[in-house]
Structures are given as structure tokens and as C-alpha cells.
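See below for the structure under consideration.
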Amino acid sequence: MPDTFIPRAVLVTGGAGFIGSNFINHFMAGNPGCRVVNLDCLTYAGNLENLKGVENNPAYRFVRGDICDAALVAKLLAEEKIDTVVHFAAESHVDRSITGPEIFVRTNVLGTQVLLEESRRHREAGAVPAFRYLQVSTDEVYGSLGSTGYFTEETPLAPNSPYSASKAGGDLLVRAYHETYGFPTLNTRCSNNYGPYHFPEKLIPLMIHNIIARKPLPVYGDGLNVRDWLHVKDHSAAIETVLKQGRPGATYNIGGNNEWKNIDIVNLVCDLLDMKLERAPGENRRLITFVKDRPGHDRRYAIDASKIKGELGWEPSYTFERGIAETIDWYLANQEWVREVTSGAYRDYYEKQYGER
Ligand code: NAD
Ligand code: DAU
């Protein structure tokens, strides 16, 4: 294992999104001496309410801005003496990439290149003694599996959606910056996350939300596509581990060894909510509606996470049983958060907290 890297000042991009905000909350709790600067332009997916617990912490700073703005990125790196970049910012929803791919290329490819280039210049200027750049990526870059086998770090990239193609483009730039400039990159590729603050356009929070509201539950195609689910807190811990212990230049898969067919997850969420909402057994399942399939819908994802476990000792701490029950409880206890998100009111939080745009 290489020497432990101790981050002193971290630039987190996309920290107002689902995983980024969970990561900041997790990381700041465990690294009180470290400064965290959150650069996020607050697209529809950015929600500062996710960060209420850290917003008054003097070690935290929020900057509303675009990762494609090279001058802003360079200024932040210099003025905050950043020694670590953790890059979450992205357009992340596959369905949106099918109807509007351009923004995915701009944010996920060009945005990554801007961050890499400005970080490389900053490091080469000798501004800090050591540096790490961590690219948060996805198992979707590997494409789709049949009914057997797993994605390893050696699986060739074969993305099938505009989203996954744009993420693969970002990963290839990360590889190139390491090979060409010796830039100390780390690349993580994680499976589907679930947990608190998940935007209700994605499968699990959408189903929870629609069940509570007694709305139809749209299941794409035959419902037999398989995803490998990991609790977002386990993902956050894995990223911290890779940041501190990972070998520069390396890629690490992250997954929970927890495969579910979509229809089985939907049935499970229906049944748990029958009990929690005191509805008749089977009542929620009647909301399930099979709808037209997603074009290019990947059939199965499954991660082989033996490298991160063997090299760095990380493994998930949540069982799915505990994680899904806690997640449903979180949504039930945070209906105000859901209301703000679905009504759009969450978008006023920046003005309320930080003044006019
Ligand atoms: P998200 O959509 O919830 O959040 C994305 C965040 O990025 C938002 O806060 C948004 O405002 C910000 N952002 C978008 N464009 C920006 C720009 N140009 N400049 C600055 N900020 C910008 O996404 P997520 O689900 O939290 O995913 C975070 C990262 O993890 C992504 O890179 C995604 O590809 C990757 N990932 C996600 C999952 C998953 O299951 N959600 C799994 C594996 C990897
Ligand atoms: O695998 C990691 C990826 O997981 C991340 O890189 C992406 O950012 C993240 O959005 C997620 O992508 P998916 O496409 O797998 O997630 P989504 O929640 O959109 O869909 C999960 C599965 O459920 C997928 O097979 C499509 C299906 N689905 C989804 C929705 C929103 C439905 O059947 N009905 C739905 O309404």
C-alpha cells in the first residue's frame, strides 16, 4: 500500500448533488482539520439544503460556479491552496441524456478537461507539496453484461448511452493526464447508489415518492434489468479510502455485490411501504405500470470490487436490508425535503442563504 495521503484543502465539484453532498457530510465529520470548497453551479440536481449541517462550519465554503469556467477554477485552486480535487459534478441521469445529449458532453467531458488542465498547472506551479485528483465515475462506462460475469477494472469501455459515453470520455482524459503529464489521478467506478438526498427522478426515490402519493410506478420494459445497489454512505467511505490510500494512476471499481432485478426492488419497496404506511398487503404493487423501455437500456450491471478490497481493505458496511429500510424511513421523515424538490422551492435556497445571484 502506498504512503497515506492526507488532504489539507479539497475542492469538491458537484457537492450539492446526491453523492457529492453525502460525501461532504461524511468527509467533514471525519476530517475536521481539512478545508472543503464546494464548487457547484446548482443545476436542477443541486440542492444546498442537503448541506445544512456543514454550511456554518468555518472549514466549509460554497462557491456557485461552473466547472467549465477555467478562470474561476484556477482562482479557487490558487486562493484556497487546494491539494485535492474530488470531481463529482456531472449531468447524471441517463433518460435526460437520451433527450438532450449536448449538455452531457459539455459538463462531463469538457468540464473534466478544464478541471484536469487547471489542476495540472496549479500542481506544476509548485503551489502545494503533494496533490491528488479523484475522478468519480460509473460502472456504466463498461456497457452491459449478459446473465453472468462481472465488470473488472480491465473490462474494455463500451458505453451505450450518451451519459455513459460522456463519462467514459472523462475517464479517458483522466488516463491521458496521468500517462502524458504524470498527473496524480485516481479513478473510481461505482455501481448504482441509493440513500438520503437522492433526486426523485432515479428509480428508488421515484418509486418511494410515487407510492406515498399513490401515483403509478413506471417500470421500463419487462422489469428484468439488473442493477448492483450500494448505499451512498459506503460509496463516500470508499472514495475517502481511495483518496488517502489509492495508487496514483489506478482505477478502482466500487460495488456492493448486491444485484437486484428492477421489478424485485420495486416490489420490495411497495411491500415495505404497505407496512410503514399501514396499507393493505399488496395495495402498493397495484400501482406498478409497465411502460415502454428506455432506448439502449443496459441489461445488467455487476461490479467485481475485489481490487479495492484486496489492495485498500474497503468493503461495504450496509446490508441492503438495513440500507433500504433506513432510506425509506429517511424519505418518510423528510417529506418537506421531497415537497421542496418536487415543487422547485429548493431552488430559492441559494438566494435565501447567500443573497442575490
Ligand atoms: P447529481 O445529478 O445528483 O448531482 C450532480 C451535481 O453536479 C449537481 O449538484 C449539479 O448542480 C452539479 N453540476 C452539474 N453540472 C455542473 C457544472 N457544469 N459545474 C458545476 N456543478 C455542476 O449526481 P450524483 O448522482 O450525485 O452523481 C455524482 C457523480 O457520481 C457523477 O459524476 C456520476 O456520474 C457519478 N456516479 C453516480 C452514481 C449514482 O448512482 N447516482 C453511481 C456511480 C457514479
Ligand atoms: O450504475 C451507475 C449509474 O446508476 C450512475 O452512473 C447514474 O448516474 C445513475 O443515474 C444510475 O443510472 P441508472 O440508469 O442505472 O439509474 P436509474 O435510477 O435511472 O434506473 C435504474 C434502473 O431502473 C434502470 O434499469 C432503469 C429502470 N427504471 C428507471 C426509472 C427512473 C425504471 O424501470 N423506471 C423508472 O422510472
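Read-outs throughout are calculated quantities, based only on the coordinates presented, and are distinct from any laboratory measurement. These figures come from a predicted structure and were not determined experimentally. Glycine also receives a Cβ, built like all others from the backbone with ideal geometry; neighbour counts cover every protein chain displayed.
Compactness check for the stretch 117-272: Cα Rg over 2.2 N^0.38 Å is 1.22.
Order 36-42, 18-24, 118-124 from most to least packed using the mean count of other Cβ atoms within 10 Å. Intermediate results must be reported in sequence, preceding the final value.
Numbers: 36-42: 23.0, 18-24: 25.6, 118-124: 20.1.
Ranking the peptides 36-42, 18-24, 118-124 by packing returns 18-24, 36-42, 118-124.
If you wrap the Cα atoms of the stretch 120-200 in a convex hull and average its projected area over all directions, you get 7.7 nm².
For the chain, what is the calculated [θ] at 222 nm in deg cm²/dmol (nearest 500), taking -39500 (n - 2.57) for each run of four or more DSSP H residues and dividing by its residue count?
Values: 12 runs with 135 residues, N = 357.
Taken over the chain, the calculation gives -11500 deg cm²/dmol.
A 23 angstrom limit on the alpha carbon distance is what I want to check against. Which of 167/202; 244/307; 52/215; 81/352 exceed it? Listed pairs above 23 Å: 52/215; 81/352. The stretch 258-276 and the stretch 27-41 have their alpha-carbon centroids 34 Å apart.
Find the centroid of the Cα atoms in the stretch 177-222 and in the stretch 124-164, then give the distance between the two in whole Å. After rounding, the separation between the Cα centres reads 15 Å.
Any idea what the alpha-carbon Rg over 2.2 N^0.38 Å comes to for the stretch 70-117? Present the calculation step by step, with values, prior to reporting the outcome.
Numbers: Rg = 13.0 Å, N = 48, 2.2 N^0.38 = 9.6 Å.
Rg over 2.2 N^0.38 Å, computed on Cα atoms: 1.36.
Hull volume per residue, based on the alpha-carbon atoms of the stretch 272-326 and their convex hull, is 130 Å³.
The long axis of helix 203-212 is offset from the longest Cα principal axis of the chain by roughly 40 degrees. Loop-located trypsin sites (Lys or Arg not before Pro) across the stretch 246-326 with a Cβ neighbour count of 11 or fewer within 10 Å are 292, with loop assigned by DSSP.
Calculate the dipole size of the chain relative to its Cα centre from +1 charges on Lys and Arg beta carbons and -1 charges on Asp and Glu beta carbons; express the result in debye to the nearest 20. Numbers along the way, then the final one.
Numbers: 39 positive and 45 negative charges, 42 e Å.
Dipole size: approximately 200 debye.
Its Kirkwood hydrodynamic radius, worked out from the mean inverse distance over all distinct Cα pairs, puts the stretch 1-123 at 14.9 Å. Dimensions of the stretch 40-180 from C-alpha coordinates, computed as largest minus smallest value along each principal axis and given longest first, are 49, 38, 27 Å.
The Cα-based radius of gyration and maximum Cα-Cα distance (Dmax) for the chain are 19.9, 65 Å. Comparing the stretch 202-251 with the 2.2 N^0.38 Å rule of thumb, its C-alpha radius of gyration ratio is 1.74 (two decimals). Just name one of 85, 112, 136: the one whose Cα is farthest towards the positive end of the charge dipole of the stretch 84-145 (beta-carbon charges, Lys/Arg +1, Asp/Glu -1). About the Cα centre, the residue reaching furthest to the positive side is 85.
What the Kirkwood sum gives for the stretch 211-326 is a hydrodynamic radius of 16.3 Å, with every pair of different alpha carbons counted.
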